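First up is the structure itself, then whatever we jot down about it.
Any read-out appearing in this document is the output of simple, stated calculations on the displayed coordinates, not a laboratory observation. Since we're looking at a predicted model, the values are computed, not measured. Methodologically, a virtual Cβ is constructed for each residue, glycine included, from the backbone with ideal geometry; neighbour enumeration extends over all protein chains shown.
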Amino acid sequence: MMPPLLSFGPEELLHEMAELGRKSVTAIDALAEIDADEIEIGVTPKEAVWSQDLVTLYRYTPLVENPKPIPLLISYALVNRPYMVDLQPDRSLVRALLERGMDVYLIDWGYPSRADRFLTLEDYIDGYLGGCVDAVRAASGQEAIHLLGICQGGTFSMCYSAMNPEKIKTLITMVAPTDFHAGEGAECGLLNTWAQHMDIDAMVDALGNIPGDFMNLGFLLLKPFQLNVAKYAGLLEVAGDERKLRNFLRMEKWIFDSPDQAGEAYREFLKDFYQANKLIKGEIEIGGKSVDLGALQMPVFNIFAELDHLVPPAASKALAEHVGTKDYRELSYPVGHIGMYVSGKVQGDLPNALVEWLDERS
Amino acid sequence: MSPREQDQNQDWGSQVSSMMEAWAEAQRGAWRAWADLAVPSASAAGGQATPGPAGAPNMGALNETWQRMAEQTTSTWTAGADPVARDVAARIVDSQQTAMRFAGLMLQSWQDLAGMSASGGDWAGAIKRFTEQLQSATWRGPTSFGQSSEDMTDLWRMYVEGLSRMTGPWSETLKRSPGHFGEALAGDHSELLELSRLYWDAWERTGGRLFEGPSLGFSREFEERLLRGFDAWVDWRKSIFEYQVVYGKALADAVEGFVNKLHAKAEAGEPIESMGELFTMYTLETDAVLEQAFRTEEYAAVQGLMLNAAMKYRKHEREIVETFLKMTDIPARSELDEAFQAIHALRREVRELRRELVAARAVPAVPAVKATTVRATKPAAKKPATTAAKKPAAKKPATTAAKKPAAKKPATTTARKPAAKKPAAGKGSTKTGAKPRKPGGAASSKAKGGEA
């Protein structure tokens, strides 16, 4: 006799599905109450202090009377918007750092248009990132500043710091890939596996800029049922709680606020970093200058997520094997890529760990 | 608010209420129908219900009706809401529809399972049949590339239908083309002559008005572009088919994995207790199996082929569209790209010149800084841009490293949080002298250097 697979029958199913419908109506009712542009993100006060082309450098208003003298510049990825580090007051790495006396700057890469299609990595790293570093140095009167690079912005920061070590006091990388081929099997990044079979030249030649929606599609395909179906079914359970609903919407806004990728920069990043893995081979050249990770002689703090399915831990941890400094530290959290910005545990711990580490080196 | 506005609002509220009620009723109807299918035989199956007799309502149609009403209602209801809220509402409807389809699928399979259960029959056979039933309902992949398109003519028709959306005054000519290319590709090249005439006519109506007469060379070149575009389109369609086959197999494997897990839980005396639990298990199992499939070379290759074929086709499509644009003096993408490339080169040159200017004037390296917005308490002028030149890259790092020996700093930080809070296994094993740090009990940390 086969044991029952299910201990509920059609009556229970009917009741459950009716309940699901009721919850859906409640959730949609709550959503309909939220007026246009009511979902605010990145609310910590800040001021634009420098701009060039589509790039803007912001300085956050200090929250203490005498902020620490060496400022921290945050360089985010090109793929999503940088306000993830300041999503909402109680989930804001920026605010937490300001509260601890840091002087914080943030680079907003902007939304590349067709006119920006020919921007290269040299423009982004040497031009814009370099311009921001110089602007922060000048504004603060410091010869060298702290640089925090996140995700792709972390990889950019490694490159810039290796080429301009005299301007970077300390380098902090967060969920940033170094070895794009690191890891075996499930430890290897799925995006890396896929990228090996893509004709990047054909893609950039055909599309010009790579649409943000195209990038999002790739991320959603990594966990298709959980990210496209289960996530919204799960929302029904919390939709009655306005605070949770708004938290969900802020995250949703960030996820789908994806700028297009400047075609030539995308071509270089995918071919040289993802496909050829040139960074750890010392074969990357930016504006004719070679990027040698061994030149990273400043203190390096490498932070990664243990359950990261976009930038696998192995890809981040590889930095340890290539930096020139002996003052290297790792810190990891049992969260995914996004959890690094929004997890309560990370929010509670990371700012302290960062500021302590910086204080010891300032 | 005026009485009239109040009335309008009331009307609006009533309308929404009516729509929502209709939606809810449609859903109730659909689920009553499902229940009617299954309930009559429930007792006979020892608790696992079996569907009722023939003559059952068309569940697919009922679900479609519900979906349509839900979409319309949600769209109207959230019309004034924040765009993000609107998107999320639409996804909730999609998600619920998926859950409803899944639940319906399970009900369909109930009879078979229950029958086997009641008769004490072959478990393995029952599970296999159940799996096949689910796989069949989950995935009906194409059996051959040619199934949807009987011949080249059919494919050509589909190609020009797609293309004609983008080709303005030429679209009528393109629509008249079906048959010609198919026959030409099949071997009868005389058809190309007829085709040439069609495009000649189109030329006369558009570009021919501007010039005394088109050259035959243009016509030939254009036909070649169309043919190359068609080839690329066929390759793309083929690659979609090949992708669907591989993806479909992965999905079928996922269903098998799900049923195996279901069976294992049943054998362990832990049957699933609700539709929600079942759906969650299905979701997690499916994504896990799909992820394994996604990691295979076979999947990555076939996905890459599809993507690359799509890009190749898009390039050809653009060439064709550009032909029309240029004929009507509308800037084409390639022309704009030339301009953008020149602008980019100029921007870069300006940046370099600004840098040189700043260096020459020995003022801070803030070429684009807006003086009024930079913090006034620390004027930029205090730190000249020549700093970098005074402290060459090779010197500064050495100084930094010497000032802060690796052995000291990590030791300071790691000593505060004992490694015992989080096992160091898998963390510190690769680093000499590393001591895991677990602030707040959540993180692990280690340092590089000689802190042993």
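Spacing of the modelled spin labels on B:E267 and A:A186, each 7 Å from Cα toward Cβ, amounts to 2.1 nm.
The 3J(HN,Hα) values that the Karplus relation (6.51, -1.76, 1.60; θ = phi - 60°) gives for the stretch B:328-334 are, in residue order, 9, 6, 9, x, 8, 4, 4 Hz. Gly and Pro appear as x.
The stretch A:10-26 and the stretch B:232-269 have Cα centres separated by 29 Å. Here the Karplus curve 6.51 cos²θ - 1.76 cosθ + 1.60, taken at θ = phi - 60°, turns the phi angles of the stretch A:263-277 into couplings of x, 5, 5, 4, 4, 5, 5, 5, 6, 7, 8, 6, 7, 8, 6 Hz, with x standing for Gly and Pro. With neighbours defined as other Cβ atoms within 10 Å of a residue's Cβ, the residues B:M100, A:M215 order from fewest to most as A:M215, B:M100. Of the residues A:F180, A:F219, the one with the fewest other Cβ atoms within 10 Å heads the list, and the complete ranking is A:F219, A:F180.
Amide H to amide H, with H built 1.01 Å from N, A:N302 comes under 5 Å of A:T173, A:R329, A:E330, A:L331, counting only residues 5 or more places away or on other chains. The H on the amide N of A:K46, modeled in the peptide plane, is under 5 Å from the matching H of A:T61, each at least 5 residues off or on a different chain.
For B:Q72 and A:D213, a Förster radius of 25 Å and the Cβ-Cβ distance give a FRET efficiency of 0.50, rounded to the nearest 0.05.
From least to most packed, judged by other beta carbons within 10 angstrom and beginning with the fewest, B:T73, A:T56, A:T155, A:T120 follow the order A:T56, A:T120, B:T73, A:T155.
If one computes the Cα centroid of the stretch A:228-266 and of the stretch A:90-134, what distance in Å separates the two points? The stretch A:228-266 and the stretch A:90-134 have Cα centres spaced 22 Å from each other.
Given H placed on each backbone N at 1.01 Å, which residues far from A:Q261 in sequence or on other chains put an amide H within less than 5 Å of it? Residues meeting the amide H criterion: A:I210, A:G212.
Antiparallel beta bridges, as assigned by DSSP with both residues in chain A, represent about 40 percent of the total such bridges.
Over all Cα atoms in the stretch A:46-359, the spread is summed up by Rg and Dmax: 18.7, 56 Å. Residue-wise HN-Hα couplings along the stretch B:71-81, as the Karplus relation 6.51 cos²θ - 1.76 cosθ + 1.60 with θ = phi - 60° gives them from phi, are 5, 5, 4, 5, 4, 5, 4, 9, 4, x, 7 Hz; Gly and Pro carry x.
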